[in-house]
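**Q** Okay, here's the structure, questions in a sec.
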Amino acid sequence: MADLHFGDDQPTNSERTAVDAVVPEIDAATVTETERLVRGGRSRRQGLRHLLLPVLHSLQHEIGWISPGGLNCAAERLGVPPAEAYGVATFYELLRTTDPGHKEDVVHVCVDPTCAIAGNGELRASLEASGARVHASPCLGQCERAPAVFVQGVSRPDRVPADDDEDFRLPQAGDTGLRVLRRTGVVDPTSLDSYRQHGGYQALAQAIDMGPDAVIAAVSESGLSGRGGAAFPTGIKWRAVADEPGPDKHVVANCDESEPGTFKDRIVCEHDPFAVIESMTIAGLATGSPHGWIYIRGEYPRATARLEGAIAQARSAGLLGDDVAGSGQRFDIELRRGAGAYICGEETALFNSIEGFRGEPRNKPPFPTTHGLFSQPTAINNPETLINVLDIVTDGPEAYRSVGTERSPGTRLFCLSGRVAVPGLYEVPFGTPLGNLIEMAGGPVGSLAAVLLGGAAGVFVGPDALDMPLSLEDTREAGATLGSGVVTVFDDTVDMQAVVVRIAEFFRDESCGQCVPCRVGTKRQHEVLVELQSSGKALSPRRSELIDDMALAMVDASICGLGHTAASAVRSALALGLIGNSS
Amino acid sequence: MSGVATETAVTIRVDDQEVAVPEGATILDACNAAGVDTPTICYGPTLTPVNVCRVCVVELDGSRALVPSCSRPAEEGMVVHTDSERVRHSRKMVLEFLATGVDLAQAEEMGQWAEHYGADPDRYVPGGETMNEPVRVQDNLYIRDYDKCVLCYRCVEACGDDAQHTYAISVAGRGFGARISTEFDVTLPDSACVYCGNCVAVCPTNALQFKTEFDLRQAADWRPEDQTVTQTVCSYCGVGCNLELHVQDNQIVKCTSPDDHDVTQGNLCIKGRFGWNYV
């Protein structure tokens, strides 16, 4: 192995235990060709680097930060240079590399728009007054029950206080027209038997009967497209991975939703985890990929626990493992937790994060279907996309296409939050007008001023857009986007200037810092908006030109979607006159 | 590179020229072959392209966004525009963005390109955040002035997989707060650094420089116009590394090696790079 240099800092016993819990000491092994006894070996250790983030999580959880001694211990065990391990540790919001000076839990309070409207300021003040260690956090994915809190435990489990007293009920509970959410809130998410009683694992059996090609053909014919934001045709993606030779291929469920205003994957993973596992298994068999991965937000302890429970039950029932449901094919799933980084929802950043590198997006091409996780062919999908496959397999593509529009078949999940009477997760056919969706959620509270579609990376639309059908083609034509299904409603009491400044701040904070247009562009964009806010004046033509110039460079020259969309909400707010006029 | 055997060549159009380049060559190689001058910052001829600075972007027909020419392989039939309005705009903005936060006084080539594209860093909000880092002087060999750092990753590459395999530095932090750093920002003598100085050799902005150069600049006595460069071969071992001794007032002030030298590709070890006090 490389001749790595480590400083003198030693781990404490508890830090060593934390490292041991994730990756035990490597035993000496005999190299057969030479009969030499070796302890390390570069290639042996390189195979372990994907455990770096789990080890850092373990250290953080054990003592509340990652100390030089702890980092040394983890880096040495995995054969990772300490400077690189430090680079990874400093990348994530949930990992600390300076001694906080206490061992108390950290209380993360969301500062994004929905929670700001819901009074996060008062909540924060009262928590601070009670002596809690409060940390201002970007969106925590609990927008339907804002203001959101996530407690990061030190030597205690992480928890979301709102989970304790939640009596979960879908706003649409009892609606027989639901597809993706049919079982959500109905099935017992901790029981495989309950899932089977609600039709679970029929799709997998049918998929095994049909064979990989017929499954992919059905997915292609259904017109299913990705629900994470990019709307890429799922069938094409699966076909591409299936056509790649070799056994080392992967299926990844991207449960790292961090787009402000998005909470759909959390609800689906918490309340219908087996559906995620079953649909991933279908994807694995269809594409010939034996390796499944779930990458889930670090801020989702309950969803994580339920997915882990579902994986364990599926494994012991023979639905995961060397012979999936008697098919003779192997598929198993490993779960990885993110550590607080919006950018890791970008597919190639997510791969780097799993592999133990900084969550920096890769340049595309090459695309994940040929060079994905570990540079091997990978099908990466959002849980919502995956779950759609179940009905496509059991009911056929034609039935699937019977709702929605010609070019956007099926249904779509929407996360309603903000100034709306009944915030929550809603499933409606593609093409449902925006106004109808908001009415389903009890209508706007107060006088509607604007709706943010697609989250921070999306666009604002005004009250005149309520007739707009929510389909991929109609929103694109209107210059809007569905993104990850965010619908945040603002009334005329909301300080839109503050909302837009916060969106700009979000991008500044979440930029990975790799490429110049995004690293500096998001920073300067925020500074211009703060200047505008504090001036109280109208936006000058000079500043307006600067904002446009910065936006064009970010769209044209950034590496990934974060930079491409970082100016989108800001510019739409200016175009709509929500900000930029003299106050 | 034009005029290579046709069976291994791909032909692409760069502006109004057809250029043939070997398979595996990049768009930047094709631009060079066509005689089109392209600004680069993070690209180095001896390094794996990381395509992070985005100043070499070109417009590629059929691609929605601009593409980095340094890393994108040339493919048969590509049509590339290197001087379109979009290209000029993004290049100007990259240079402008960097100039708003980084001290580029000693990055001459970037300054020339900034002028070429009309970059105007003064049109931003006054008092905007900058790199704002103290000069790290931790030994007598080289200094690190991260006020001048554009985060091109070249030093990280040279210290790691591309040359030295020492891995003493990495990018730490995120976004505008990202910095090149050792673990916990420990000093270089405490880090894995072996003082090969290969990071210094690839730095495009002089953020990393010889202590000798730094001291002379501090004394306002750094005079490149009065310096001579003498080629010689390192006498420490039998590898045969070419050295370029930069001499001012009869004193060696720094030592480099040519990028195109077969043996070194610009790299040296601590002895060749810094061990000339005995001369």
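None of the figures in this text is laboratory data; all of them are computed from the coordinates on show. Note that this is a predicted model, so its numbers are computed, not measured. Using ideal geometry, Cβ is built from the backbone for each residue, glycine included, and neighbour counts are taken over all protein chains shown.
**Q** Quick one: in region A:192-400, what % of C-alpha pairs are over 28 Å apart?
**A** For region A:192-400, the fraction of Cα-Cα distances above 28 Å is 19 percent.
**Q** What does the C-alpha gyration tensor say about the overall shape of region B:115-227? Classify as rounded when a/c is under 1.5, otherwise prolate if a/b is larger than b/c, or oblate.
**A** Because a/c hits 1.5 or more and a/b fails to exceed b/c, region B:115-227 counts as oblate.
**Q** Dipole of chain B (Lys/Arg Cβ +1, Asp/Glu Cβ -1, origin at the Cα centre): which of B:Val137, B:Asn198, B:Tyr43 lies farthest to the positive side?
**A** B:Val137
**Q** Which value, in debye to the nearest 20, gives the size of the charge dipole of the protein assembly as shown about its Cα centre, when Lys and Arg are +1 and Asp and Glu are -1 at the Cβ? Working shown, then result.
**A** Details: 71 positive and 117 negative charges, 177 e Å.
With Lys and Arg at +1 and Asp and Glu at -1, about 840 debye.
**Q** Rounded to two decimals, what is the ratio between the C-alpha radius of gyration of region B:1-96 and 2.2 N^0.38 Å? Kindly include the intermediate steps, with their values, before the conclusion.
**A** On the way: Rg = 12.6 Å, N = 96, 2.2 N^0.38 = 12.5 Å.
In units of the 2.2 N^0.38 Å rule of thumb, it is 1.01.
**Q** When we measure straight from the Cα of B:Lys271, which lysines land under 19 angstrom away, once same-chain ones fewer than 8 places off are left out?
**A** Here the lysines satisfying the reach criterion relative to B:Lys271 are B:Lys211, B:Lys254.
**Q** Residue-wise, which Karplus ³J(HN,Hα) couplings in Hz belong to region B:136-142, taking 6.51 cos²θ - 1.76 cosθ + 1.60, θ = phi - 60°, and x for glycine or proline?
**A** Along region B:136-142, the couplings run 9, 10, 10, 6, 9, 9, 8 Hz.
**Q** Moving to a separate point now. Antiparallel versus total DSSP beta bridges in chain A: what percent is that, nearest 5?
**A** Just about 50 percent of them are antiparallel.
**Q** Can I ask one more? Between rounded, prolate and oblate, where does region A:496-575 land on the alpha carbon gyration tensor, with a ≥ b ≥ c its root eigenvalues, rounded for a/c under 1.5, else prolate if a/b exceeds b/c?
**A** Taking the square roots of the gyration eigenvalues as a ≥ b ≥ c, region A:496-575 is prolate.
**Q** Quick one: which residues, 5 or more positions from A:Gly404 or on another chain, have an amide H under 5 Å from its amide H? H modelled 1.01 Å from N in the peptide plane, none for Pro or chain starts.
**A** A:Gly410, A:Phe430
**Q** How well do other chains shield peptide A:520-531, expressed as the mean number of their Cβ atoms within 10 Å of each residue Cβ?
**A** Across the residues of A:520-531, the mean count of other-chain Cβ atoms within 10 Å is 5.
**Q** Separate question: Can you pull out the cysteines in chain A that have no other Cys Cβ under 4.7 Å?
**A** A:Cys73, A:Cys139, A:Cys143, A:Cys255, A:Cys269, A:Cys344, A:Cys415, A:Cys512, A:Cys515, A:Cys518, A:Cys560
**Q** Considering every residue in A:557-569, what mean count of other chain Cβ atoms within 10 Å of its Cβ is obtained?
**A** Partner-chain Cβ atoms within 10 Å, mean over residues of A:557-569: 2.
**Q** Which of B:Arg54, B:Arg223, B:Arg174 moves the most in a Gaussian network model of chain B with Cα springs under 10 Å?
**A** B:Arg174
**Q** What does the average come to when, for each residue of peptide A:64-70, you count the partner chain Cβ atoms lying within 10 Å of its Cβ? Could you put the intermediate results ahead of the total?
**A** Working: counts 0, 0, 1, 1, 3, 0, 0.
Other-chain Cβ atoms within 10 Å of each residue's Cβ, averaged: 1.
**Q** Determine the relative contact order of region A:84-153: mean sequence separation of Cα pairs under 8 Å and six or more apart, normalised by residue count, in whole percent.
**A** 39 percent
**Q** Considering only region B:1-129, what is the antiparallel percent among its DSSP beta bridges, to the nearest 5?
**A** Details: 11 of 13 bridges.
Of those bridges, close to 85 percent are antiparallel.
**Q** Now a separate question. Excluding residues fewer than 8 places away in the same chain, name every one of the lysines whose C-alpha is closer than 29 Å to that of A:Lys237.
**A** A:Lys249, A:Lys264, A:Lys364
**Q** Now, a different point. Using only alpha carbons, build the gyration tensor for chain B and give me the equivalent ellipsoid semi-axes, biggest first, whole Å.
**A** 33, 25, 18
**Q** A further question on this structure: Using bins 20 angstrom wide from zero, how does P(r) for the protein assembly as shown break down, in % of all Cα pairs?
**A** Bin by bin from 0 Å, the calculated values are 14, 45, 34, 6, 0.
**Q** Shifting gears a bit: With springs only between Cα atoms under 10 Å apart, run a GNM on chain B and tell me which of B:Thr187, B:Thr100, B:Thr230 wobbles the most.
**A** Result: B:Thr230 has the largest fluctuation of those listed.
**Q** Give me the number: length gained by fully extending A:Asp164 to A:Ser126, i.e. 0.36 nm times residue separation minus the C-alpha to C-alpha distance, one decimal in nm.
**A** Fully extending the segment from A:Asp164 to A:Ser126 adds 11.7 nm.
**Q** Still on this structure, I have one more. Can you list residues from other chains, or at least 5 along the same chain, whose modelled amide H is less than 5 Å from the amide H of A:Val420?
**A** Amide H to amide H, under 5 Å and 5 or more residues apart or across chains, A:Val420 pairs with A:Val445.
**Q** In addition: What whole number of Å gives the distance from the Cα centroid of region A:386-404 to the Cα centroid of region B:173-247?
**A** Taking the Cα centre of each part, region B:173-247 and region A:386-404 sit 62 Å apart.
**Q** Using +1 on the beta carbon of Lys and Arg, -1 on that of Asp and Glu, and nothing else charged, what's the dipole of region A:463-583 about the Cα centre, debye to 20?
**A** With only Lys, Arg, Asp and Glu charged at Cβ, the dipole is about 540 debye.
**Q** Can you list the DSSP H helices in chain B whose Cα atoms extend at least 30 Å along the helix axis and whose mean Kyte-Doolittle hydropathy is -0.5 or higher?
**A** Counting only whole DSSP H runs, no helix qualifies.
**Q** Search the structure for amide H atoms under 5 Å from the amide H of B:Val253, placed 1.01 Å from N in the peptide plane, and list their residues when 5 or more places away or on another chain.
**A** Under 5 Å from the amide H of B:Val253: B:His246, B:Val247, B:Gln248.
**Q** When the helix-only estimate is applied to chain A (DSSP H runs of n ≥ 4, each -39,500 (n - 2.57), divided by the residue count), what is the mean residue ellipticity at 222 nm, nearest 500 deg cm²/dmol?
**A** -12500 deg cm²/dmol
**Q** Using each residue's phi in region A:73-87, evaluate 6.51 cos²θ - 1.76 cosθ + 1.60 at θ = phi - 60° and report the 3J(HN,Hα) Karplus result to the nearest Hz, with x for Gly and Pro.
**A** 4, 5, 5, 5, 4, 8, x, 9, x, x, 4, 5, 5, 5, x
**Q** Still on this structure, I have one more. Under unit Cβ charges (Lys, Arg +1; Asp, Glu -1), what dipole magnitude, rounded to 20 debye, does region A:106-164 have relative to its Cα centre?
**A** About 160 debye.
**Q** Measuring from label point to label point, each 7 Å out along Cα→Cβ, what is the A:Asp3 to A:Glu308 span in nm?
**A** Once both label points are built, they end up 4.1 nm from each other.
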